[in-house]
1. Could you order the peptides 217-225, 124-132, 205-213 from most to least packed, using the average number of other C-beta atoms within 10 Å per residue?
2. Using packing as a proxy for protection, rank 64-70, 317-323 so that the peptide with the highest average count of other Cβ atoms within 10 Å comes first.
3. What length, rounded to one decimal in nm, is gained on full extension from T275 through to R159, with 0.36 nm per residue of separation minus their alpha-carbon distance?
4. Dipole of the chain, Cα-centred, from +1 at each Lys and Arg C-beta and -1 at each Asp and Glu C-beta, to the nearest 20 debye?
5. Exactly which GluC sites (Glu not before Pro) in segment 235-342 are in a DSSP loop and have at most 15 other Cβ atoms within 10 Å?
6. I want to check the label-to-label distance for S10 and H36. Put each point 7 Å from Cα in the C-beta direction and report it in nm to one decimal.
7. Among T14, V255, G141, which residue has its Cα furthest toward the positive end of the charge dipole of the chain, with +1 on Lys/Arg Cβ and -1 on Asp/Glu Cβ?
8. Hand me the trypsin sites (Lys or Arg not before Pro) from segment 154-205 located in a DSSP loop with no more than 12 other Cβ atoms within 10 Å, in residue order please.
Amino acid sequence: MSGTSRTRPSGSGTALSEAYDTALLDLDGVVYAGGHAIDHAVEALGTARDGGMHLAYVTNNALRTPAAVAEHLTELGVPAEASDVITSAQAVSRLVADQLPAGARVLVIGGEGLRVALRERGLEPVESADDDPVAVVQGYGGPDLAWGRFAEASYAINRGLPWFASNTDLTIPGARGIAPGNGAAVEVVRIATGAEPQVAGKPLPPMHRETVLRTGAERPLVVGDRLDTDIEGAFNGGVDSLLVLTGVTDAAQLVTAVPEHRPTYIDADLRGLLTGQPEVEEDGGGFRCGGWTASARDGRLVLEGDGGPLDGLRALCAAAWSQAGDKACDLDAEKALARLGL
């Protein structure tokens, strides 16, 4: 089931941690950035977990194994087991295993997380195009991945081998800023081969399938910082989502989001799991949230009133999304957003 076009953020009369049984949490930009926990993440997740919400960590980063991710989370103060972590390496390995016989050799362009996931599916990772692989699998290999690995992938793909990619995120957030992600590396191989990979990670169905199979979630809430992976993945899976502003998405991008990139809820950080969400109500020709009213007027978005900046952003999104319908809002929002200081 896929999502429907959303014209405004939703409200919730109860805490999201009570309204949903499982939080499907992205990691980079949501729980941590680089090696450090994001502000308020540890405390908020601990409170949600103690209240009975199941926490699952869903990442497009295929570099590390689930055990390594769980160890990192535990060190940060977020206790986790390997079974709590779902990676795009696991999703792409299932995709490959569904199409190849057991024991098939697969050329790996990536890190240990991808190799471990392939072995779990009964496949044999190899390192060279001359090792008789029958497919190529590419995942994020970290900043030290040698350039020659892209050449190895290109040799094999140009011989006609099928090509799989864990994900196509162009960037990845880190402690020092935004760096090239696996999608940038996939583009290198695409340019060299003219081929198109089968992709497993968010926002595509194989990742959602992997997550549901491993968590058994009945009322999941996707929590992420990226519109084109986390929120679109929730849309494609027909489930609700919470966008937090601790990662790559800013207020201006939210206002101009196309339907598949419009989250159910918007909040500053993971403390949003612990609260209800305010309603956005139609008010004459505009939309009201808290002390703010937003409307479309003379080719621009107008924001009137005062209050918390997040309420103003929710009102602006409602005005923009309602006006745009199934397209991206093209109204001038610069002055309205400037009032919020986001």
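Please treat every number below as a calculation from the coordinates, not as lab data. None of these values were measured; they are calculated from a predicted model. Methodologically, a virtual Cβ is constructed for each residue, glycine included, from the backbone with ideal geometry; neighbour enumeration extends over all protein chains shown.
1. Most protected by this proxy first, the peptides run 217-225, 205-213, 124-132.
2. Result, highest mean Cβ count within 10 Å first: 317-323, 64-70.
3. Result for the pair: 36.3 nm of gain on full extension.
4. Value, rounded to 20: 460 debye.
5. In loop regions of segment 235-342 (DSSP not H, G, I, E or B), the sparsely surrounded GluC sites (Glu not before Pro) are E279.
6. 3.5
7. Ranked along the dipole, the leading option is G141.
8. Loop-located and lightly packed - R159, R176.
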